Amino acid sequence: MDKIRLAIVGCGGMGHRHMYGLAELHRAGWTRFNLVGACDPVLANAESLAAQAAERFGQKPAVVGSLEELSEVGVDAVDVTTTPPYHHTVAIETLERGWHTMVEKPMGLTVRACNLIRRAADASNAILSVAENYRRDPINRLAKALLDAEVIGTPRFLIHHAIGGTNRMTISVWRHQKDQSGVLLDVGVHYADMIEYLLGEVDTVYAQTRLHEPIRHNSAAVTGESGSNPSGVYTKWQREMPAEFEATAEDAAYATLTFKSGAVGQYIEDHGAWGQGDWLRKIHGSQGSMTLPGDRSGRLITLNIDGQEPLSDERLLDLVPDFRLDAVTTDLFGGERLWNYELPFTQIDAKIIAIEYGDFAEAIAGNSEVEVDAYQGTRSVAVSYAMLESGATGQIVQLDEMLNESINTYQREIDEGLGI
Ligand SMILES: NC(=O)c1ccc[n+]([C@@H]2O[C@H](COP(=O)([O-])OP(=O)(O)OC[C@H]3O[C@@H](n4cnc5c(N)ncnc54)[C@H](O)[C@@H]3O)[C@@H](O)[C@H]2O)c1
């Protein structure tokens, strides 16, 4: 098969990280893509990505500022890593042009933006994939296999707690702005995807939401050192951001979820918490419980089955004799049955992004369906906003009503700003 001519659209932090992921995929021997374009209206960002790509691939992608110019370069596929307000504008246009499109999470800025992308994907012959990375972590694959094997029996309830943050800026200013993302969407959409990956579809959500820290602080503008900087790529941009700024998006959600299976979830996501931080993902079933490690940490799952010693080592694999990672993941992580791994975060990050590209390439080749499609990408955005809609109205929110847009008290203003 000919190489897939790919461009990265949006060359900020995640655009660079995606390019590192693509290089990692090539290193592992999967070389279906040819990176031919770096597209960003901020040409310095596109140039930075292209220059670093040249070091890794021995060939410099074209630096362009628009999709129109990209069509002159000639592409088969794009990877959309712009800020969230542009996901739908870019993805709809690229799907209409017939370019296979992988779009970063959140799939769209609101449920309506996602539904517009979904319709464009349905009307196009091109593939749409959502780049949701957490579920592709080999340890989360093992957790899913253990749940499917019913080692804890039937899941009854989930606890998901992510508590910390104080008044620090999370990576960038836009992450705290309601009209551009908000942290509960930016981070929460990953958790929503993981929760549905593990326990199936969410049915209802009740939440209290808060904006605890309306003024956020950016240490990089003061000391030059960043406080929140995944894979270390953000420092140069953070130094140019204001030292303090107003946050307009809620930064905490305290929620009760119900699942179609009958399971219940207790969810706390608080990015404005002081004191001792906490992170916990734990599932209790009819025969035991499973505690999962942080995503992209490589750390251990712990099983507690009543009447047995807690299990947190290689013997977890004995419970799932058929568990195998897919071929790309196996090549990247060096084993098809992993129960832990120890790598620096930059490498973990690149490998998991490489898995997303591997999945996208397989779908383009017609060998399989994408793992995270428009439906699932929309659902995850809907779960995150269900908390904000419930917080705004005090009502219990049905996911189905989120998906069909009949609930949009919170999102209306954002949609109006987008002109959709
Ligand atoms: N999966 C993850 O773990 C993860 C981590 C970080 C970011 N992300 C996602 O990646 C996306 C980008 O985040 P980031 O941290 O790179 O943000 P960023 O601000 O660092 O970079 C965004 C880039 O997009 C460019 N851009 C804006 N509009 C554009 C357009 N219409 N066409 C082309 N380029 C455009 C900007 O100029 C900027 O260079 C967001 O959706 C974010 O949620 C995902």
For this session: Give the residues of the range 402-420 that are in a helix (DSSP H, G or I) and farther than 15 Å from Cys114 by Cβ, sorted by residue number.
Result: Arg412, Glu413, Glu416, Gly417
Problem set entry | Scope the range 173-183; condition in a helix (DSSP H, G or I), open to solvent by 10 Å² or more (accessible area, probe 1.4 Å) and within 16 Å of Ala252 (Cβ to Cβ); matching residues | Arg175
Exercise. In this structure, is Thr209 within 14 Å of Ala252 (Cα to Cα), in contact with a strand residue (DSSP E or B) (Cβ under 7 Å, 6 or more places away or on another chain), more than 13 Å from the ligand (Cβ to nearest atom) and modelled with pLDDT of 95 or more?
Worked result: yes
For this session: Report the residue count in the range 209-258 for those that are open to solvent by less than 30 Å² (accessible area, probe 1.4 Å), among the small types (Gly, Ala, Ser) and farther than 30 Å from Gln398 by Cβ.
Result: 4
For this session: Considering only the range 1-35, state which residues are more than 11 Å from the ligand (Cβ to nearest atom) and in contact with a Gly (Cβ under 7 Å, 6 or more places away or on another chain).
Result: Arg5, Leu25, Trp30
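Name the residues in the range 230-253 that are within 25 Å of Leu388 (Cα to Cα) and of a type in the set (D, E, K, R), would you?
Glu244, Glu246, Glu250, Asp251
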Exercise. Quick one: how many residues across the range 345-360 are within 12 Å of the ligand (Cβ to nearest atom) and touching a Gly at 6+ places or on another chain (Cβ under 6 Å)?
Worked result: 2
Exercise. What are the residue pairs meeting all of these: first residue in the range 229-243, first residue at positive phi, second residue open to solvent by less than 40 Å² (accessible area, probe 1.4 Å), Cβ atoms under 6 Å, and 6 or more apart or on different chains?
Worked result: Ser231/Arg17; Ser231/Asp349
Exercise. Which of the residues spanning the range 23-47 are under 26 Å from Gln347 (Cβ atoms), in a helix (DSSP H, G or I) and open to solvent by 20 Å² or more (accessible area, probe 1.4 Å)?
Worked result: Glu24, His26, Arg27, Asn45, Glu47
Problem set entry | Verdict on Asp40 being near the ligand (Cβ under 9 Å from one of its atoms) and acidic (Asp, Glu) | yes
Problem set entry | Verdict on Ala162 being more than 24 Å from Ile364 (Cβ to Cβ) and either at pLDDT below 95 or assigned to a strand (DSSP E or B) (or both) | yes
Exercise. If you go through the range 305-338 one residue at a time, how many are open to solvent by 50 Å² or more (accessible area, probe 1.4 Å) and out of contact with any Leu (no Cβ under 8 Å at 6 or more places or on another chain)?
Worked result: 14
Problem set entry | Only one of Gln395, Gln376 that is assigned to a helix (DSSP H, G or I), of a type in the set (S, T, N, Q) and surrounded by fewer than 22 Cβ atoms within 10 Å (Cβ to Cβ) | Gln376
Problem set entry | Condition check for Ala54: more than 21 Å from Ser384 (Cα to Cα), in a helix (DSSP H, G or I), within 11 Å of the ligand (Cβ to nearest atom) and small (Gly, Ala, Ser) | no
Seminar exercise, completed: With the first residue restricted to the range 283-303 and required to be closer than 26 Å to Val189 by Cβ, and the second required to be modelled with pLDDT under 95, Cβ contacts under 9 Å at 6 or more apart or on different chains are none
Problem set entry | Residue among Glu250, Glu196 that is away from the ligand (no atom under 13 Å from the Cβ), in a helix (DSSP H, G or I), in contact (Cβ under 8 Å) with a residue 60 or more places away in the chain and out of contact with any Pro (no Cβ under 6 Å at 6 or more places or on another chain) | Glu196
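The values are calculated or read from the model by the stated rules, or taken from the named source; none is laboratory data. None of these values were measured; they are calculated from a predicted model. Cβ coordinates were reconstructed from backbone atoms using ideal geometry, including for glycine residues, and neighbour counts include every protein chain displayed. Accessible surface is based on the protein model in full, side chains and every heavy atom, while ligands, DNA and RNA are left aside. Shrake-Rupley method; radii C 1.70, N 1.55, O 1.52, S 1.80 Å.
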